[in-house]
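Structure, as structure tokens:
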Amino acid sequence: MTFSPEELLGMILSYAKEFASVAARQPIKDVVVTVPAFFNQAERRAMARAVSLADLKLLQLIGDNTAVALNYGVFRRKEFNDTPVNILFYDMGTGSTTATVVSYQTVKTKEKGFVETHPQLSVKGVGYDRTLGGLEFKLRLGKLFAKEFNAMKKCSKDVFDNKRGLAKLLKEADRVKRVLSANADHIAQVENVMEDVDFKHPITRAEFEELSTDLFERVASPLRMALDSAGMTLAEIDQVILVGGSTRIPKVQQKLQEVVEGRELGKSLNADEAAALGAAYQAAYLSKGFKVKVFHVKDANLFPIQVDFTREVDTNGKKGLKHVRRLLFSKNNLYPQKKVMTFTRHVEDFDIFVNYGDLSFLGEQELKNFGSLNITASKSSRILAL
């Protein structure tokens with residue numbers, strides 16, 4: 001059988017819904033889902049389709065980095081005042097790495113006729129590496145184990161051609177990777193990899209680090225990218241906090257220590273569950289069944305968004321069409337934010353397209369993830385304002 005990524009993800013979400021329903025002792029219908037901050041519109045739509053396939057109502061897609069920042073803030077709301085506190089969250093998960101600069105402070109807002117003061121987080125800058133994560137480190141170990149298994153020459157076939165055997169070695173590679181974060185050496189052991197042949201191989205942390213030298217060289221890049229995106233220096237950051245299971249790798253921490261000039265790396269958050277906990281708080285805030293304290297969230301739009309439309313022009317008595325393009329949200333524009341566009345010369349139906357703006361700041365590989373896509377196309381009749 002063949003399944004699309006959305007269908008597979010929908011199955012996972014459906015399974016998670018069953019667990020949550022049992023734990024809550026009532027049906028779960030609403031959900032807030034975290035997505036990587038760098039997900040574009042096509043990727044977000046795919047996630048929304050997966051949620052729909054799981055028969056869930058999507059309340060919001062929230063960046064996993066923003067969810068982590070919210071989880072950090074809600075338990076420290078009394079520590080914030082009108083003086084900004086800048087925190088850099090470094091999150092290395094299974095598939096990717098994200099670094100986010102977040103500013104916390106209290107703001108005054110008018111609600112129901114009264115001026116109230118509430119804490120607010122604002123995402124100032126984001127840096128990321130789409131492919132740097134625990135999976136890459138696991139694959140390096142798995143490949144080593146597979147080569148060592150073949151070197152034993154006890155099987156008639158190559159283990160790389162045996163999916164079941166290779167899966168067993170990769171599973172052991174994941175376990176060994178975790179053990180080497182706490183121990184200098186360990187022994188990888190797998191029973192009956194294939195053809196009733198067992199595998200046993202000693203491995204040291206130094207060997208693991210040598211296997212992944214090029215990966216470790218990429219560790220600091222998202223952090224530098226986040227600071228550059230925020231237009232800030234390391235001196236303006238009050239604390240660097242680690243999130244994500246792969247930040248437990250000693251060499252990862254060493255590389256980050258070199259960049260932050262020896263300052264202590266914060267480990268106060270639950271490295272594995274911080275994003276999920278932040279999403280849970282946001283879900284409670286959006287739902288009607290819970291009442292939680294207000295914590296304003298201002299996320300950052302990583303990619304500029306523009307609108308395209310045509311309008312009639314009269315040049316020397318000749319009517320024609322002029323293509324108009326306007327920037328709606330610039331890079332790192334905070335949202336939610338209301339934007340108003342006024343159209344004074346349109347009296348007939350016309351098309352307006354919302355697209356990504358200039359993405360020349362992205363690398364060639366990153367641009368491939370965007371392809372060609374209209375975020376939305378809206379037809380409006382006798383529209384005066386959008």
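Any read-out appearing in this document is the output of simple, stated calculations on the displayed coordinates, not a laboratory observation. All values reported here derive from a predicted model rather than from experimental measurement. Every residue, glycine as well, gets a Cβ built from its backbone with ideal geometry; the counts of neighbours run over all protein chains shown.
Data overview
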{"item": "The chain: angle of helix 134-151 to the longest principal axis, Cα-based, in degrees nearest 10", "result": "30 degrees"}
{"item": "Sorted by Cβ density within 10 Å, fewest first, the residues ASP351, ASP64", "result": "ASP351, ASP64"}
{"item": "Separation of alpha-carbon centers, the range 321-367 and the range 69-125, rounded to whole Å", "result": "28 Å"}
{"item": "Correct option for semi-axes √(5λ) of the Cα gyration tensor in Å [calculated from the coordinates] among [x] 43, 27, 23; [y] 72, 22, 18; [z] 41, 23, 19", "result": "[x]"}
{"item": "Bridge type composition, the chain - antiparallel percent by DSSP, nearest 5", "result": "75 percent"}
{"item": "Gap separating the Cα centres of the range 148-188 and the range 241-318, nearest whole Å", "result": "36 Å"}
{"item": "On Cα atoms only, tilt of 221-230 relative to the major axis of the chain in degrees", "result": "20 degrees"}
{"item": "Prolate/oblate/rounded call for the range 134-214, Cα gyration tensor, a/c under 1.5 rounded", "result": "prolate"}
{"item": "Among SER268, SER221, SER360: highest mean-square fluctuation, GNM of the chain, C-alpha pairs under 10 Å", "result": "SER360"}
{"item": "Residue-averaged [θ]222 nm for the chain, counting only DSSP H segments that reach four residues, each worth -39500 (n - 2.57)", "result": "-10000 deg cm²/dmol"}
{"item": "Sequence-distant residues sharing a close amide H with VAL324 (under 5 Å, placed H)", "result": "PHE309, THR310, ARG311"}
